[in-house]
Each structure stands twice: as structure tokens, then as C-alpha cells.
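See structure below.
The values are calculated or read from the model by the stated rules, or taken from the named source; none is laboratory data. No experiment lies behind these values; they were computed from the predicted model shown. Here the Cβ positions follow ideal geometry from the backbone for every residue, glycine too, while neighbour counts run over all protein chains shown.
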Amino acid sequence: MAEHVVIVGGGIAGTAAALALRTAGIAVTVLDARPADDDSGAVVRINPNGMDALRAVNAHQTILAGSFPLVRTERIGADGARVGYALAADPASDRGLPRVLHWSQLAARLRAVARDRGAVFRHGVRVCDVHESGGDASGGPVTAVLEGGQTVHGDVLVGADGVHSLVRRRIDAEAPAPQRLGTRTVYGFAADPPREPPPPEVLRSYLGPKAFLAATRDSLSGGCFWFTSLPAPEPASRGTGPRDVDGLRTELLPWFAEGTFAADLVRASERILSFDDHALDHLPRWSTGRTVLLGDALHVAPPASEQGAALAIEDGVELARCLRDHPVPAEAFAVFERLRRSRVEAVVARGRLGTSRAHHPLRRRLRALRDRGRRLLDWQRRPPTGGGWTYDHHIDWAARAGG
Ligand SMILES: Cc1cc2nc3c(=O)[nH]c(=O)nc-3n(C[C@H](O)[C@H](O)[C@H](O)COP(=O)(O)OP(=O)(O)OC[C@H]3O[C@@H](n4cnc5c(N)ncnc54)[C@H](O)[C@@H]3O)c2cc1C
């Protein structure tokens, strides 16, 4: 069995993997470029399949304690009337509801559990190269080279270094790059939201003539999380902290009609963050003999899938199970790929479809017509349910990975 795993990237995938590897009794060092006290990010949603993966390694309690459940989604027309709603998850399922929390809280809470179980985190260190030395290096057969020249050795290396992964390029120089979708997702948070925020545990989409804004009230703090999706024909810079907020606010306000809740919420927000949307549907090569990818480095699900964080957690837990049960890393990676490939590719494809539907002008017009018809008929006796098959994934931690 691998004795020491080096993880490049301490986001959600890397941290979930560290936590699960420690649960399997494997030593872990996580190397992350961000500082330890980085509190960037905004709202993130852990769907029931992600919570199931955390439950498998007994790490769900901290997320349940620090998040709130999402019961319903609603769509509010420009005139303020409700034009549609859906249940966030099937009430008959035993998987529970999606959970919502601040991204930095999710990262910090998973990290705290991983540390308690013995994982080592090094923050503020950027990895500039990785290689496999064929087993003859003194410290172990895989090496991560840090900026400044220091090296970290292990016997397995995990690339959990996000959308623009360096490790992906080292595994396969010909690897396809994630494709920009021409849209971006902007996330925000207002600690003191304006009048009439959505009721707790409801995600409300306020539909405007140019864009929607979806908001939900944090029932723990009373603040309001929100996100919107906008066209992004050119690559946009990513908001990373307070210095970006005013510029992003100025860019955003023209998308929302003056005097609406959406415009007031953007104005009241102290945190705004913008990510260009990408998709990576199919990566031919997931691993080499001792190096493997996880999370956004491996498959980029567009935000419309709402599965980025949950898939990253599933990946981390499944990889730990594979390394626990298969002593030869290449065999463990082959089982990991067999367990994961069709699922992650199907989730990414579903998210892509959702993104193109949301932005297609004809689709938008048809949806507006459908909403008007539903309102006239006082519609929707049976509300649809979110998530579908994507929520049904289950990890049996006690079972041997791959049978
Ligand atoms: C700072 C931040 C804030 C985010 N906020 C949100 C949010 O509010 N809502 C949302 O839905 N999603 C957010 N995301 C994205 C979301 O976390 C991911 O899409 C998803 O959870 C998959 O996680 P991941 O761990 O694979 O990738 P990421 O979360 O992107 O993590 C990748 C990690 O790798 C590190 N890294 C990258 N390159 C190197 C390197 N060369 N050396 C060392 N470390 C490296 C990065 O610092 C980062 O911590 C955020 C991501 C980041 C990094």
C-alpha cells in the first residue's frame, strides 16, 4: 500500500482526498499555493451525493453543523410573482437535502477533520514541477518541486490543482485544455441583505429581462448568498478579494433593473467573485504509474451541474478506497478510473446541456412563454425534483474497491 501520498492542491478535492486517505491509514502531505487564512470564495452547494461520500468517511457532521439545507427552488418573474418551483431533492430519498455554505467554510471544515486525523498541510507553496523518478530517489519515487527549488517526495502524487492543472500537463503534454464556455458565473454574499430576502432554505431565481440572479438566505448568519450567469465572450479576470469587488459590482449592475431586489443585493454585497465557466468532458489519460488526477484537474463540470464540489469529494473518497485496497498504485488508479469515468463524464455532459439551455435566446423566450401559461393556469400541481440520477451515487467505504 502507498505509504506517503503528496497532494498538489488543497481545494475541495485535495482536502477531501487527504481526509479519506488518513481514514485509510495512509500518510498525506498537501501542498497548496493559497495562504492558510485565505477566506476567498462565496457560496457552494454540496448535493446529496457529496454528503453521502462524506458520510462514508464519517466527516459529514461538521458540514451538517456549518451549513443549511436547501428545500426548494423558486423562480420569480419580473413582476414579482412566483412562476415556478421545484423540490431541491426527492423527499422520499434517504440521501437528505443539498447543503449550502460558504466555500471557505467548506474548505476549512474539511481541512480541520483531515488535520485531526493526521494530514499535513503546507500553505503558500506553489508547485512548479512534478516527476516520477522510477523508484530510485532517496525520498520516494514521486517528486513535487516547489518554487524556490525545494522538493517534496512521496510514493504517490495526486494532482488536485484545479481547472488549470499543471499536473494534468505533466501526465499528458497533449491533454486537452478545459474549454471556455463563453459564460461566467458570478458569486456574491451580503451579510446585511436588503428588504425581503428569500425565505430560509429556499433558492430564489429572480428573472430579469437581461439576466437572472439566484439568492438564498443563510439561516445561520442571516446573510444572503447569490449567483448569476452572464455571457463572457472574452476571458475575464477572477475576483479574488476585496480589491475586486467594486469593479465587479460596477460591471454587474447594468444587468439588473434599478430598484429590483437583485440590483439592491448586488449593491449591498461585500463579497463578489467571478469565474469563467469551463468544461472538460473527456480526458484520455487520467494517470501515469504513480501520479493521478482528481476534481477539476480531471473533469470540469460547468456550474449549471451544481456538482463541482460534490464530484470532487466523491473523487477523493473513492481514490482513498482504491489506494487502500490495491497496493500497486497503477492498479489502484485503473480501478479508480473504472469506478469514476462514466459517471463524471455523464455529469459534465448534463451540466453542459444546462448551461447552453440557460443562455440560448430561443430557450429563454420559450421558458418565459411557458411561465406565463403556467401562471394563467395556476399550474404545477406536481413540482419537479432537482438532481435526478446525479444524486443517487453511493460509496460503500467498507467494501473492497472494484470488488
Ligand atoms: C479560492 C477558490 C474559491 C472558490 N470559490 C467557489 C465558490 O464560491 N463557489 C463554487 O461553487 N466554487 C468555488 N470554487 C471552485 C470549486 O472549489 C471547484 O470547482 C470544485 O470544488 C472542485 O474543487 P478542486 O479542489 O478540484 O479545485 P479548486 O477548488 O480549484 O482547488 C484547486 C487548488 O489547487 C491549488 N493549486 C493550483 N495550482 C497549484 C500549484 N501549482 N501548486 C500548489 N497549489 C496549487 C489552488 O490554490 C486551489 O486551492 C473555488 C475555488 C477556489 C480555488
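From the list A108, A92, A81, the one residue that fits, being assigned by TED's automatic domain parsing to the domain that holds D37 and either within 16 Å of the ligand (Cβ to nearest atom) or farther than 11 Å from G386 by Cβ (or both), is A108.
Quick check on this structure: which one of S274, S221, S229 is assigned to a loop (DSSP other than H, G, I, E, B), more than 30 Å from T143 (Cβ to Cβ) and within 16 Å of the ligand (Cβ to nearest atom)? Write out each step before concluding.
On the way: S274 fails: assigned to a loop (DSSP other than H, G, I, E, B); S229 fails: assigned to a loop (DSSP other than H, G, I, E, B).
Result: S221 is the single residue among S274, S221, S229 that is assigned to a loop (DSSP other than H, G, I, E, B), more than 30 Å from T143 (Cβ to Cβ) and within 16 Å of the ligand (Cβ to nearest atom).
For the stretch 22-45, the criterion of a residue being closer than 29 Å to S221 by Cβ and more than 15 Å from the ligand (Cβ to nearest atom) is satisfied by no position. Quick one: would you say L70 is of a type outside the set (D, E, K, R), under 19 Å from the mean Cα position of the chain (by Cα), over 30 Å from V152 (Cβ atoms) and away from the ligand (no atom under 16 Å from the Cβ)? Against the criterion (of a type outside the set (D, E, K, R), under 19 Å from the mean Cα position of the chain (by Cα), over 30 Å from V152 (Cβ atoms) and away from the ligand (no atom under 16 Å from the Cβ)), L70 does not qualify. Among the candidates V6, V100, V44, the residue that is more than 28 Å from S274 (Cβ to Cβ), buried (at least 20 other Cβ atoms within 10 Å of the Cβ) and hydrophobic (A, V, I, L, M, F, W, C) is uniquely V6.
Here is the figure for the stretch 179-203: residues that are within 16 Å of the ligand (Cβ to nearest atom) and not in a loop (DSSP other than H, G, I, E, B) total 12.
Checking the structure you have, find out if any residue of the stretch 121-141 is away from the ligand (no atom under 15 Å from the Cβ), in the same structural domain as A27 (by TED's automatic domain parsing) and within 22 Å of the chain's Cα centre (by Cα).
Looking only at the stretch 121-141, we keep the residues that are away from the ligand (no atom under 15 Å from the Cβ), and these are 132-141.
Now restrict to residues that are in the same structural domain as A27 (by TED's automatic domain parsing): 132-141.
If we keep only those that are within 22 Å of the chain's Cα centre (by Cα) too, we end up with none.
Looking through the stretch 121-141, none of the residues is away from the ligand (no atom under 15 Å from the Cβ), in the same structural domain as A27 (by TED's automatic domain parsing) and within 22 Å of the chain's Cα centre (by Cα).
Would you be able to say whether some residue in the stretch 317-334 is touching a Ser or Thr at 6+ places or on another chain (Cβ under 6 Å), modelled with pLDDT of 95 or more and not assigned by TED's automatic domain parsing to the domain that holds P209? Yes: one or more hits. Residue check: A263 meets all listed conditions (1) in contact with a strand residue (DSSP E or B) (Cβ under 9 Å, 6 or more places away or on another chain); (2) more than 16 Å from the ligand (Cβ to nearest atom); (3) more than 24 Å from E196 (Cβ to Cβ); (4) modelled with pLDDT of 90 or more but one, namely (3). Are any of the residues in the stretch 59-66 surrounded by 17 or more Cβ atoms within 10 Å (Cβ to Cβ), without any contact (Cβ under 8 Å) to a residue 12 or more places away in the chain and not charged (D, E, K, R)? For the stretch 59-66, residues surrounded by 17 or more Cβ atoms within 10 Å (Cβ to Cβ), without any contact (Cβ under 8 Å) to a residue 12 or more places away in the chain and not charged (D, E, K, R): present.
Filtered by the rule that a residue be at pLDDT 85 or above, over 20 Å from P178 (Cα atoms) and out of contact with any helix residue (DSSP H, G or I) (no Cβ under 9 Å at 6 or more places or on another chain), the stretch 226-247 gives V245, D246, G247. Under the condition of being in contact (Cβ under 8 Å) with a residue 12 or more places away in the chain and either outside any loop (DSSP other than H, G, I, E, B) or aliphatic (A, V, I, L, M) (or both), the residues counted in the stretch 163-176 number 7.
Yes/no matrix, rows are residues, columns are (1) modelled with pLDDT under 95; (2) on the phi > 0 side of the Ramachandran plot:
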{"residue": "D79", "(1), (2)": "yes, no"}
{"residue": "D94", "(1), (2)": "yes, no"}
{"residue": "R109", "(1), (2)": "no, no"}
{"residue": "D129", "(1), (2)": "no, no"}
{"residue": "G135", "(1), (2)": "yes, yes"}
{"residue": "G139", "(1), (2)": "yes, no"}
{"residue": "L146", "(1), (2)": "no, no"}
{"residue": "V156", "(1), (2)": "no, no"}
{"residue": "G159", "(1), (2)": "no, no"}
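Note on the stretch 165-182: residues that are β-branched (V, I, T) and within 17 Å of the chain's Cα centre (by Cα) amount to 0.
Taking the numbered list (1) touching a strand residue (DSSP E or B) at 6+ places or on another chain (Cβ under 9 Å); (2) within 16 Å of the ligand (Cβ to nearest atom); (3) modelled with pLDDT of 95 or more; (4) not in a loop (DSSP other than H, G, I, E, B) in turn, A16 passes all entries but (1). Right, L248: within 14 Å of the ligand (Cβ to nearest atom), more than 23 Å from H394 (Cβ to Cβ) and either in a helix (DSSP H, G or I) or basic (K, R) (or both) or not? It is true that L248 is within 14 Å of the ligand (Cβ to nearest atom), more than 23 Å from H394 (Cβ to Cβ) and either in a helix (DSSP H, G or I) or basic (K, R) (or both).
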